[in-house]
Amino acid sequence: MKKRTSFSIFKSVVIALFLREIQTRFGTKKLGYLWGIIDPMTQIIMFSLVKSALHDRGMSGIDYPVFLATGFLTYNFFKALMNGSMSAFDANRALFSYRQVKPIDAIVSRFFVEFLVLFASITVFISFGLFFGLNISVKVFNMVILAVAWLGIFGIGIGILFAVITNFYETFGKIISFISLPLFFLSGLLYTVDSLPPIAREIILYNPIVHFIEMIHGNYFSVLNTDYVDYEYMIFWTIVPLFIGLFFYLKAEKKIIAS
Amino acid sequence: MIELKNVTKYFKTEGEKKYILKNVTLTIHSHVNLGILGRNGAGKSTLLRMLGGIDYPTIGTISSPNTFSWPMGLAGGFQGSMTGRQNIKFVCRIYGQRAKQIN
């Protein structure tokens, strides 16, 4: 057998894990594909109903369901990346007995699965939007794409770091899932940062996810802007966890495989 | 050919170091049938796992210019959530076979 370069091995392993991931997640249960859509759909319907029940005028020039959809889809994407990475090692542990399969391949393949899920759900939501005649026009298309891709890199960085830590301290995973409960309300999904009182605004801007959501909202809707987005803060939160995560990963790779 | 250089492997149990290999240097040549004998818990499987590259020595290196299969019969390797056919396809894929060859 011909020796392959490490990159071609990495590529074939990621493809194999990707296909396996899709088969196990969606293949056996036929409803699997639907969950990626039903989940945010129910959230959007619920919060839209609450909003209209409160007789809130809402934001002028914006269809509130579209506002919710842009936030929820990207937030779910990030959350799935973070949680998926943390469970990736355990889910694929049996496959580490093949020498080619490295733990990080599991995370990378999950990253692509989540991207696929996001892409599919966006497609479905756009068709729903068109069907119900909602205003889904985008202000700056390229910046929205950049924000989503950036969020993906941020997500995988956090994911790698958390995955390595969870592998050695199981309670860490529980702490994270506990913290991420209120995160749903503190990530600027239901409101814009601009609509908050100044003190709340200052506090909430410490949350890096808010910046990503604001960047998406500001570039998607023509009536919103990206005044509160701090790009340096976002770069900091993208690079630092990614490099710390990769550093610890390299140190711990053998232990993760052997454990 | 598989080369072991100053290989030491131990597990820590209750503060005690249980050695499986202590500073072992040896070369296993190609086309040689080799049996490993040892008591229950002596570390036969661990040695095989280390030779197969899915476990690592605490100190020292194990290297080989050859390609070889993953350690068989040591449990694991098959994923319960996949069917047998899917498992086998998975193995073919990580060894870089094309879709046509797999089917």
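The values are calculated or read from the model by the stated rules, or taken from the named source; none is laboratory data. Predicted model only: the values in this text are computed from it and were never measured. Positions of Cβ are backbone-derived with ideal geometry, glycine not excepted, and every protein chain shown enters the neighbour counts. To get the accessible areas, we keep the full protein, side chains included, count just its heavy atoms, and leave off ligands, DNA and RNA. Shrake-Rupley method; radii C 1.70, N 1.55, O 1.52, S 1.80 Å.
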Residue within the stretch A:216-234 that is among the acidic types (D, E), modelled with pLDDT of 90 or more and open to solvent by 80 Å² or more (accessible area, probe 1.4 Å) present: yes
Please determine whether any residue of the stretch A:196-205 is in a helix (DSSP H, G or I) and under 30 Å from B:G52 (Cβ atoms). no
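So is A:N135 over 30 Å from A:Y169 (Cβ atoms), more than 19 Å from the chain's Cα centre (by Cα) and either within 14 Å of chain B (Cβ to nearest Cβ) or open to solvent by 60 Å² or more (accessible area, probe 1.4 Å) (or both) or not?
Details: over 30 Å from A:Y169 (Cβ atoms): yes; more than 19 Å from the chain's Cα centre (by Cα): yes; either within 14 Å of chain B (Cβ to nearest Cβ) or open to solvent by 60 Å² or more (accessible area, probe 1.4 Å) (or both): yes.
Considered against the rule, which asks whether it is over 30 Å from A:Y169 (Cβ atoms), more than 19 Å from the chain's Cα centre (by Cα) and either within 14 Å of chain B (Cβ to nearest Cβ) or open to solvent by 60 Å² or more (accessible area, probe 1.4 Å) (or both), A:N135 comes out as yes.
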Exactly one of A:S52, A:S85 is small (G, A, S), open to solvent by less than 30 Å² (accessible area, probe 1.4 Å) and either part of a helix (DSSP H, G or I) or at pLDDT below 90 (or both), and that residue is A:S85
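Here is a yes/no grid of residues against (1) closer than 30 Å to A:I165 by Cβ; (2) open to solvent by 30 Å² or more (accessible area, probe 1.4 Å); (3) touching a helix residue (DSSP H, G or I) at 6+ places or on another chain (Cβ under 9 Å):
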position	(1), (2), (3)
A:A106	yes, no, yes
A:V117	yes, yes, yes
A:V124	no, yes, yes
A:G129	no, no, yes
A:F141	no, yes, yes
A:I145	no, yes, no
A:F78: closer than 30 Å to A:Q23 by Cβ, under 12 Å from the mean Cα position of the chain (by Cα), surrounded by fewer than 20 Cβ atoms within 10 Å (Cβ to Cβ) and modelled with pLDDT of 85 or more, yes or no? no
Checking B:H31 against (1) more than 9 Å from chain A (Cβ to nearest Cβ); (2) within 18 Å of the chain's Cα centre (by Cα); (3) closer than 27 Å to A:S109 by Cβ, only one condition comes out false. Which one? (3)
Scan the stretch A:109-119 residue by residue and report those that are touching a Leu at 6+ places or on another chain (Cβ under 8 Å) and farther than 14 Å from A:I158 by Cβ. A:S109, A:L118
Residue tally, condition assigned to a helix (DSSP H, G or I) and in contact (Cβ under 8 Å) with a residue 24 or more places away in the chain, over the stretch A:153-194: 23
